């Protein structure tokens, strides 16, 4: 086993994990505050990708600029989705909540299919082929940037939750719904914000990946599943958990690809880990608190 | 009154193959549809209704939302198909073995999940994980044909080998399966098993306190649901004569199965049947009305070109009107599911029943 | 005919650092109506949870009809003849009142027809038969309490644990429920009842146990308990009329 190959694998695993972390952070924030598992999570990632793609082919806008534009837009989209679709079922049985987001996922995937056809698209940027050398390992520039921004975004969100008043209010809602109402927190608005933030995160993650990942209507589902795995591993509702969990899963997948025989085996490894956690330690690594 | 309507409808269904190929029908139907495709639509209605009923036992009655039923479907299909292609075993026997294996897997999934007290979304996630493992196994293992799947050699008409050159025999078999499973659900609903499952769905602790062995009954539901779903898999394999993981083992298929049950009314006897009759024709209708999947590459080129904005928009508009990239029916399904969750979460059948009572 | 029906000794339950129930001894003989009282948080419902199998004690033993039941699942204990109601009532909201009670009846009568008849009988016992076909989810509080009792009685138990069946009822409804509990005893079922409403406990019970901070601080007939200084202190000097 070549040490260069090994360190290459580890680094690319960590980079991938950084993006996974951002995806899972959105999911875990939504679950932490509202106790809703968003089965349509990955489909918002897909929407983010198409957003960047459209801006690129129509107006030639660089994806990283699109990312900045996307943040408020997708935050708003999440706000609206929460208000109109999620809020009515917050008191409904859990199964109905799940089915609602499944329906949303079904709708979004096929809306994209309808609007954009099943053909895989890709977003070409002039610097897409550049590499960067970190500690002797050569990595793709765009993957590196994606991961750095993703981790930075996750950390920013963490600081927001831990240090600001609004973040404190969100954490209060996550922990104690009735108590928050009693002290005058506008819980409804908190839910809108949490969902908006979650969607903004996952759309950002998608846009960051456009320089090196294919775009298709069905690209969301594997990311939704991965987000679940990461979030459960880290502890549903825990932001640090999602961050660490993302890195771990990224590593597992990368190392899995190296050591196991076929690509489908690496996915099997991920799902097996997932099942083991669900069964043996459902609270994951960090239990359930947001920060 | 309703019984007479149902009986008449059943007679209509029984006689349909007889006149499906006739001239009258050919003249009435929209272009692109033939007698054979008419039978195909009904057959799919029956099959999906059957699968939805099977899911109904676990997901509707017992209230355990499984999104992994495609795995049981696939296990049934692969078992009978491989036994046939490798050992020449009659698919009827293969169906029974497939049901047993699917049932065993259902028992396993249930046992593990309930033992570790997985409830609500965690149970659902576990079923997805288990199903994905089955799909990945089928993709990976050599003897299951990997991503190319398995082809059943055409051997003409043979009852013993569960192969027919015409659609009518398949039509009747699937109709029979739907009627049989619905009758089974009807019997279960009036028995202790049915009552217990309904109670477990609504409040497990309360049920335990008054003598219901909730673990045992959930396992019964899981096993029965899985086994019967497996039989559907065998039927599908024999009908299409080609099985491939991307078709029959996906989460998407699991979602389509539960859609009929949820929208029709989960936990009811007729819900899945009604759901299937409501939903399945939509898919076929959109397939016919839209001329088919447009080319995404052409659209991308159009947008990247120097054409005027008006030209781009009108080009895109005609792309959409022609059916866009496909997916119209499933989009509608998604909207209907959202609508159901928001407005009538118990499904269409209970909603209509409540109206009728007033 | 008397006989020791339930014997619990040294029951201790801990939740993390908190001792919810501390070395409690408890016994009930056939035919008695025994009360379990104490301020909120005293550990009463936790004790019920232990006896009915919903909670495993960290120490102590419980024997019902001479059989050790610690560690058995609730449904098994129920089938042996010991059932309980829940403090926050748990009806099956989407089923009718009759169907709710049938769930209990099914543990004695596997056939749906017989279960339905037995369920009607149980409803008649609690004088709720007129409501048989109403949806359980639409019932008012008093109705839900009655339903809860009927469900439990349909299991044809030997011993039932009633957890605050009076809570949320008006004084008139209290009297009705008292009569129902007396009717239950008359039909041959032994009763343990948790209650906060003092006049009810005093008039119904043969013996009373008093729990405070998880410990047994008094045990005996109503008169003795009412005069016990420790009990009075525990209730902060509350006086109750006898």
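The values are calculated or read from the model by the stated rules, or taken from the named source; none is laboratory data. These figures come from a predicted structure and were not determined experimentally. Heads up, the Cβs are rebuilt from the backbone with ideal geometry, glycines too, and the neighbour counts pull from every protein chain shown.
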Query raised in the report: When the range C:29-85 is examined, which residues are found to be assigned to a loop (DSSP other than H, G, I, E, B), away from every other protein chain (no Cβ under 13 Å) and touching a strand residue (DSSP E or B) at 6+ places or on another chain (Cβ under 7 Å)?
Result: C:30, C:31, C:32, C:38, C:39, C:42, C:43, C:57, C:58, C:65, C:69, C:70
Report summary line: Note on residue A:65: of the conditions (1) crowded, with 24+ Cβ neighbours inside 10 Å; (2) free of Cβ contacts under 8 Å to residues at least 40 places away in the same chain, unmet is (1)
Report summary line: Filter the range C:133-144 for residues that are part of a loop (DSSP other than H, G, I, E, B) and without any contact (Cβ under 8 Å) to a residue 40 or more places away in the chain; the one that is surrounded by the most Cβ atoms within 10 Å (Cβ to Cβ) is C:134
Query - Top-ranked residue of the range B:311-328 - restricted to ones that are part of a helix (DSSP H, G or I) and within 8 Å of chain A (Cβ to nearest Cβ), ranked as farthest from residue B:299 (Cα to Cα) - result: B:328
Report summary line: Selection from the range C:59-79 of residues touching a residue at least 40 places away in the same chain (Cβ under 8 Å), surrounded by fewer than 18 Cβ atoms within 10 Å (Cβ to Cβ) and within 19 Å of residue B:205 (Cβ to Cβ) yields none
Query - Test: residue in the range B:346-355 that is modelled with pLDDT under 75, more than 9 Å from every other protein chain (Cβ to nearest Cβ) and either surrounded by fewer than 17 Cβ atoms within 10 Å (Cβ to Cβ) or over 22 Å from residue B:50 (Cα atoms) (or both) - result: no
Query raised in the report: Hey, residue B:84 hits all of (1) at pLDDT below 95; (2) surrounded by fewer than 23 Cβ atoms within 10 Å (Cβ to Cβ) but one; which does it fall short on?
Result: (2)
Query raised in the report: In the range B:126-144, which residue that is outside any helix (DSSP H, G or I) and free of Cβ contacts under 8 Å to residues at least 24 places away in the same chain is surrounded by the fewest Cβ atoms within 10 Å (Cβ to Cβ)?
Result: B:142
**Report entry** Filter result (within 13 Å of residue C:36 (Cβ to Cβ) and buried (at least 17 other Cβ atoms within 10 Å of the Cβ)) within the range C:176-196
**Finding:** C:191, C:192, C:193, C:194, C:195
Requested in this report: Answer with yes or no whether residue A:73 is surrounded by fewer than 22 Cβ atoms within 10 Å (Cβ to Cβ), in a helix (DSSP H, G or I) and either free of Cβ contacts under 8 Å to residues at least 40 places away in the same chain or away from chain B (no Cβ under 11 Å) (or both).
Outcome: yes
Query raised in the report: If you go through the range A:46-55 one residue at a time, do you hit one that is touching a helix residue (DSSP H, G or I) at 6+ places or on another chain (Cβ under 7 Å), farther than 29 Å from residue A:88 by Cα and assigned to a helix (DSSP H, G or I)?
Result: yes
Query raised in the report: Quick one: how many residues across the range C:157-168 are surrounded by fewer than 20 Cβ atoms within 10 Å (Cβ to Cβ) and free of Cβ contacts under 8 Å to residues at least 60 places away in the same chain?
Result: 1
Requested in this report: Sort through C:34, C:97, C:13, C:21 and tell me the only one that's closer than 25 Å to residue C:136 by Cβ and buried (at least 20 other Cβ atoms within 10 Å of the Cβ).
Outcome: C:97
Query raised in the report: How many residues are more than 7 Å from chain B (Cβ to nearest Cβ) and in contact with a strand residue (DSSP E or B) (Cβ under 8 Å, 6 or more places away or on another chain) if we restrict to the range A:102-127?
Result: 3
Requested in this report: For residue B:226, indicate whether it is at negative phi and buried (at least 23 other Cβ atoms within 10 Å of the Cβ).
Outcome: yes
Query raised in the report: Before we move on, is residue B:149 on the phi > 0 side of the Ramachandran plot and surrounded by fewer than 16 Cβ atoms within 10 Å (Cβ to Cβ)?
Result: no
Report task. Take the range C:103-114 and flag every residue that is more than 20 Å from the chain's Cα centre (by Cα), surrounded by 15 or more Cβ atoms within 10 Å (Cβ to Cβ) and at the interface with another protein chain (Cβ under 7 Å from one of its Cβ atoms). Result -> C:106, C:112
Query - the range A:81-101 - residue that is over 19 Å from the mean Cα position of the chain (by Cα) and closer than 27 Å to residue B:326 by Cβ and, of those, farthest from the other protein chains (Cβ to nearest Cβ) - result: A:84
**Report entry** Answer residue from the range C:116-132, given it is within 14 Å of chain B (Cβ to nearest Cβ) and in contact (Cβ under 8 Å) with a residue 24 or more places away in the chain and is surrounded by the fewest Cβ atoms within 10 Å (Cβ to Cβ) among those
**Finding:** C:118
Query raised in the report: How many residues does the range A:232-247 hold that are under 16 Å from residue B:122 (Cα atoms) and more than 10 Å from every other protein chain (Cβ to nearest Cβ)?
Result: 4
Query raised in the report: Name the residues in the range A:166-196 that are assigned to a loop (DSSP other than H, G, I, E, B) and in contact with a helix residue (DSSP H, G or I) (Cβ under 8 Å, 6 or more places away or on another chain), would you?
Result: A:183, A:185
Query raised in the report: Is it the case that the range B:242-250 has a residue that's at pLDDT 90 or above, surrounded by fewer than 18 Cβ atoms within 10 Å (Cβ to Cβ) and touching a strand residue (DSSP E or B) at 6+ places or on another chain (Cβ under 7 Å)?
Result: yes
Query raised in the report: Among the residues of the range B:291-310 satisfying the criterion of being part of a loop (DSSP other than H, G, I, E, B) and more than 41 Å from the chain's Cα centre (by Cα), which is modelled with the highest pLDDT?
Result: B:308
Report summary line: Taking first residues from the range B:114-125 that are over 16 Å from residue B:201 (Cβ atoms) and second residues anywhere that are assigned to a helix (DSSP H, G or I), the pairs with Cβ under 7 Å that are 6 or more apart or on different chains are B:116/A:279; B:122/A:278; B:125/A:228; B:125/A:278
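Results for (1) in a loop (DSSP other than H, G, I, E, B); (2) within 21 Å of residue C:8 (Cα to Cα); (3) within 14 Å of chain B (Cβ to nearest Cβ), shown as yes or no for each residue.
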site: C:146; (1), (2), (3): no, no, no
site: C:150; (1), (2), (3): no, no, yes
site: C:211; (1), (2), (3): no, yes, no
site: C:225; (1), (2), (3): no, yes, no
